[in-house]
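Chemist: The structure under discussion is supplied below as structure tokens; questions concerning it will follow.
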Amino acid sequence: MSISVQERYFSWNRILLLAVGLWPYHQSLFARFQAALCLSILTSFVVFVLSRLYFTEYSFEFTIHLLSISMYYTFFLINHIAFWINIETTKNLLEQFQYIYKKRLKDAKEIAIYNKYRNFAKRITLACIILAVCITLCITAIECWPFIFDMIMPKNETHARRFIVTVTKYFALQEKYFYVFILYLNAVVTVGTVAIISIGTMLLSCLKHISGILRIASYRFDRAILAALPSITIKNETIIYKEFIYAVDIHRKAMKCAKFGVDSMERSLFVITMITVLCMSLNLYGIFQVESPTQEIEKTAGHFFHIMCLFIYMFLGNYAGQEITDCNNHIFLTIYNAPWYLAPLQIQKVILFLLQRSNKAFTLNIGGIFTLSIESFTSLVNASLSYLTLMLSV
């Protein structure tokens, strides 16, 4: 019975991407309409928020506040557009994973290694879904608590009235449009959250699968070297060389998948990185400008949620890239730490060649400036803080 990698290992990702019309294997007319509708909702909200600047008197603080909101949803928008444009890239990666799983895995140990990374990717996806649900519930609670308090502890100046005034003030709206706007805002938040979770976890799962393939390559190299330790005879020489060929083959396929995915989306990822840094800076500045966080809890919570989501997104992306680099480095350590010097001379020559090749660092580069790594994550956070310092000094 043939196992479908897409259905078995990407089941959560498939459900999420189907909800926004971005699942690569289901691009019907209705799916395209779903994707276009989600894109229209996000675009309309960004345009709406920026249009508020035209209807109000200029204020630096208010401008930064609206820019922080618009940039956050622009981040959602660019991710959606980038994934839609590169949907064939995702499909090709899934087909490569299917081919490797079906044709290239040789024994139960390799399948176990692959399943380990697959399970970790599914757990991260599930954790992101749970976190998104919790954040959505918190936002809903913030919206509902003024009306609930009015029923529990009624007083002259109602909590609901204060909440309505606060929201309409933040978005320069007339109060009569409050309920329509809240309905529209909830729709935007829902669409944006589902889109970013589905896209982010899909890309993360692909990177985790590549890490698993690199670990399988490490296992194959180790097995090939151990097989070569006894003296070589004409009978087993061919088998030993095949072991090395299998190891090199799957290593090259893993590197090819990683490079193909990142290179195809290089420009989009570069733009997303820039928007993420700028958006974090604007939301950090928004928190610093809140005079009384306890009295303006809605505004403070909004900025905090934005920062937390961006922080998690940046960390997971760079962590997955760092893991690919570490898995590739592990191949070098596996070959180096093995007792290869006890192998016959002709095998030692092959191993020395592998050591020379594996010693070269393998990184996923974006625009020739950023690499997906923990060090780059730290640099991006520092860049956000630098821009925050610049805005505070203005």
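The values are calculated or read from the model by the stated rules, or taken from the named source; none is laboratory data. Small disclaimer: the values here were computed from a predicted structure and weren't measured. Neighbour counts run over all protein chains shown; Cβ positions are idealised from the backbone, glycine included. These area figures cover heavy atoms from the full protein model, side chains too; ligands, DNA and RNA do not enter into them. Shrake-Rupley method; radii C 1.70, N 1.55, O 1.52, S 1.80 Å.
Chemist: Quick one: 3J(HN,Hα) in Hz for segment 30-38, Karplus 6.51/-1.76/1.60 with θ = phi - 60°, rounded, Gly and Pro as x.
Modeler: 5, 5, 5, 5, 4, 4, 5, 5, 4
Chemist: Using DSSP loop states and a limit of at most 12 other Cβ atoms within 10 Å to flag GluC sites (Glu not before Pro), what is the longest stretch of the chain containing no flagged site?
Modeler: 158-290
Chemist: Given points 7 Å out from each Cα along the Cα-Cβ axis, report the SER4 to LEU131 separation in nanometres with one decimal.
Modeler: For SER4 paired with LEU131, the spin-label model returns 2.9 nm.
Chemist: For LYS256 and PHE353 in one chain, what is 0.36 nm times their gap in residues minus the Cα-Cα distance, to one decimal in nm?
Modeler: Additional length available on full extension: 32.9 nm.
Chemist: Further question on the same structure: Provide the solvent-accessible area of LYS106, counting protein heavy atoms only and rolling a 1.4 Å probe, rounded to the nearest 10 Å².
Modeler: Probe radius 1.4 Å; accessible area of LYS106 about 100 Å².
Chemist: Please give me, ordered by residue number, the chymotrypsin sites (Phe, Trp or Tyr not before Pro) of segment 27-73 that lie in loop per DSSP and have at most 15 other Cβ atoms within 10 Å.
Modeler: On the way: sites: PHE30, PHE33, PHE45, PHE48, TYR54, PHE55, TYR58, PHE60, PHE62, TYR72, TYR73; in loops: TYR58.
Here the chymotrypsin sites (Phe, Trp or Tyr not before Pro) that fit, given the DSSP loop and packing criteria, are TYR58.
Chemist: Still on this model: Could you tell me how many degrees, from 0 to 90 and to the nearest 10, lie between the Cα long axis of helix 87-99 and the main elongation axis, the longest principal axis, of the Cα atoms of the chain?
Modeler: For helix 87-99, the angle is close to 30 degrees.
Chemist: Let me ask another. Between helix 60-85 and the chain, what is the angle of the helix's C-alpha long axis to the longest principal axis, kept within 0 to 90° and rounded to the nearest 10?
Modeler: 40
Chemist: If you roll a 1.4 Å probe over segment 1-118 with all protein chains in place, what percent of the accessible area is carbon or sulfur?
Modeler: With neighbouring chains kept in place, the figure for segment 1-118 is 63 percent.
Chemist: Then there is this: For the pairs LYS91/LYS299; LYS208/LYS299; LYS116/LYS256; LYS116/LYS349; LYS122/LYS253; LYS109/LYS360, flag any whose C-alpha to C-alpha distance is greater than 29 Å. Could you put the intermediate results ahead of the total?
Modeler: On the way: LYS91/LYS299 40 Å; LYS208/LYS299 36 Å; LYS116/LYS256 21 Å; LYS116/LYS349 33 Å; LYS122/LYS253 22 Å; LYS109/LYS360 27 Å.
In this structure, LYS91/LYS299; LYS208/LYS299; LYS116/LYS349 exceed 29 Å between Cα atoms.
Chemist: Provide the net charge surrounding GLU375, with neighbours chosen by a C-beta distance below 15 Å and charges set as Lys +1, Arg +1, Asp -1, Glu -1.
Modeler: -2
Chemist: Now for a separate question. Quick check for you: with a 1.4 Å probe and neighbouring chains kept, what is the accessible area per residue of the chain, in Å²?
Modeler: Accessible area per residue, the chain: 50 Å².
Chemist: Which residues does the label zone of LEU29 cover in segment 70-86, counting backbone N under 15 Å from a point 7 Å along Cα→Cβ?
Modeler: Backbone N within reach: none found.
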